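Okay, so here's the structure we're looking at.
The values are calculated or read from the model by the stated rules, or taken from the named source; none is laboratory data. Just so we're clear, the structure is a prediction, and the values are computed from it rather than from any experiment. No Cβ is skipped: glycine too gets one built from the backbone with ideal geometry, and neighbour counts run over all protein chains shown.
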Amino acid sequence: MNDYQFDLIHCQSPLGGVFGRLVGRKHGVPVIYTAHGFHFYKGGPIKNWLIFYPIERMLSKFTDCIITINHDDDRIASSFHAKHHLYLPGVGVDVRRLNKVQHNTSLRSKYGIPQNAFVIVSCGELSERKNQQVIIRALASLNSSDIYYIIVGKGRLEKHLRLLVKENGLEKQVIFAGYHSDPTPFYAMADIAAFPSKREGLGLAGIEEMATGLPLLTTNIGGISDYSIDGLTGLVFDSDDYMGFASAIDCLKNDREKLLRISQFNRTQVNKFSQETVDTIMTHEYHRALNLV
């Protein structure tokens with residue numbers, strides 16, 4: 001700040017939000033803080049509310065604008081002391097590119113998946129929060145050898161998930177594909193996407209999957225509820241309801257007409273999360289913070 005005399009600070013992480021706002025206060029510079037999902041949320045741990053809520057509320061006094069990416073967080077931010085609060089529909093998805101993705105099963109052979117199998121994809125870190133285990137349990141309850149589940153990502157829960165797969169005799173049906181910087185080919189080879197997170201600020205993968213036309217199986221948690229509509233974008237369940245997920249998988253597997261209807265709906269419902277939409281909103285917000293409008 002001393003060397004470059006910045007006119008505006010925009011923070012994108014909780015820790016950055018602490019230091020950025022303190023620095024902004026010291027130098028009299030406006031600060032925008034984007035909360036990519038508050039650590040305190042409806043149904044969340046009490047300790048998170050006791051620790052993080054007071055910190056965020058206090059620091060909001062030194063914030064020109066708090067940006068949130070889901071409506072639950074926006075309602076909380078509206079009660080804080082920031083001069084301004086703004087709901088932003090995510091960080092922007094390349095909807096035009098993803099809308100062009102067509103179903104393509106050529107990648108299946110690489111992973112030993114039959115061309116006529118029913119394939120579920122999940123994209124995200126392997127963690128308790130992402131909750132891939134509920135889909136594994138759902139597959140175990142279905143006991144159907146022509147349903148495959150491909151998990152794209154890596155994380156510290158991989159060993160636990162592999163053990164769960166082995167315990168349920170699903171080694172041939174559950175595939176750990178590892179991390180891929182562009183998961184689009186996996187979206188193309190799948191029939192549906194599972195996004196069963198226990199907590200999400202918004203969930204970029206879910207929006208990307210919708211844009212490619214994949215029906216979603218999701219939870220009713222946090223930012224996911226901003227775009228996932230039960231019966232329209234797919235089907236929605238509690239995070240531990242593996243039997244519900246199982247029934248949804250079986251339903252979509254055997255109802256191609258419903259699968260197609262949801263697919264067509266999803267491709268048209270993600271425009272508000274597009275890169276163009278987000279860029280327009282953020283440009284206006286920067287201008288407002290700098291008193292240019």
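Listed here are the residues, each with its yes/no results for (1) hydrophobic (A, V, I, L, M, F, W, C); (2) at pLDDT 95 or above; (3) buried (at least 16 other Cβ atoms within 10 Å of the Cβ); (4) within 13 Å of Phe118 (Cα to Cα).
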site	(1), (2), (3), (4)
Glu158	no, yes, yes, no
Glu167	no, yes, no, no
Gly178	no, yes, no, no
Ser181	no, no, no, no
Being out of contact with any helix residue (DSSP H, G or I) (no Cβ under 8 Å at 6 or more places or on another chain) and crowded, with 22+ Cβ neighbours inside 10 Å narrows it down to one residue among Thr219, Thr212; which is it? Thr219
Yes or no: Ile136 modelled with pLDDT of 95 or more, part of a strand (DSSP E or B), out of contact with any Gly (no Cβ under 8 Å at 6 or more places or on another chain) and not basic (Lys, Arg)? no
Looking at region 85-129, which of its residues are of a type in the set (Gly, Ala, Ser) and out of contact with any Gly (no Cβ under 7 Å at 6 or more places or on another chain)? Gly90, Gly92, Ser106, Ser109, Gly112, Ala117, Ser122
So Asn266 ticks every box in (1) in a helix (DSSP H, G or I); (2) touching a Lys or Arg at 6+ places or on another chain (Cβ under 8 Å); (3) buried (at least 22 other Cβ atoms within 10 Å of the Cβ) but one. Which box is left unticked? (2)
Filter result (touching an Asp or Glu at 6+ places or on another chain (Cβ under 8 Å) and farther than 23 Å from Asn70 by Cα) within region 252-293: Leu252, Lys253, Leu259, Leu290
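Could you list all residues from region 81-94 that are buried (at least 18 other Cβ atoms within 10 Å of the Cβ) and under 15 Å from the mean Cα position of the chain (by Cα)? Break it down stepwise before answering.
Residues of region 81-94 that are buried (at least 18 other Cβ atoms within 10 Å of the Cβ), as a first pass: 82, 85-86, 88-90, 92-93.
Correct list: Leu88, Pro89, Gly90, Gly92, Val93.
Among the residues of region 44-58, is any β-branched (Val, Ile, Thr) and buried (at least 16 other Cβ atoms within 10 Å of the Cβ)? Lay out the reasoning, then the answer.
Within region 44-58, the first condition is being β-branched (Val, Ile, Thr), and the residues that meet it are 46, 51, 55.
Cutting the leftovers down to buried (at least 16 other Cβ atoms within 10 Å of the Cβ) gives us none.
No; the residues of region 44-58 include none that is β-branched (Val, Ile, Thr) and buried (at least 16 other Cβ atoms within 10 Å of the Cβ).
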Tell me, please, whether a residue that is under 17 Å from Ala193 (Cα atoms) and assigned to a helix (DSSP H, G or I) can be found in region 109-129. no
Exactly one of His27, His36 is more than 22 Å from the chain's Cα centre (by Cα) and either assigned by TED's automatic domain parsing to the domain that holds Ile281 or within 20 Å of Ile221 (Cβ to Cβ) (or both), and that one is His27
Residues of region 181-227 being over 17 Å from Val93 (Cβ atoms), of a type in the set (Ser, Thr, Tyr) and in a helix (DSSP H, G or I), which ones? Ser225
Quickly run through region 228-248 and pick out the residues that are among the small types (Gly, Ala, Ser), surrounded by fewer than 22 Cβ atoms within 10 Å (Cβ to Cβ) and part of a loop (DSSP other than H, G, I, E, B). Gly231, Ser239
Residue within region 13-35 that is touching a Gly at 6+ places or on another chain (Cβ under 6 Å), not acidic (Asp, Glu) and not in a strand (DSSP E or B) present: no
Would you confirm, using the coordinates I've provided, whether Lys42 is within 24 Å of Thr219 (Cβ to Cβ) and either hydroxyl-bearing (Ser, Thr, Tyr) or assigned to a helix (DSSP H, G or I) (or both)? no
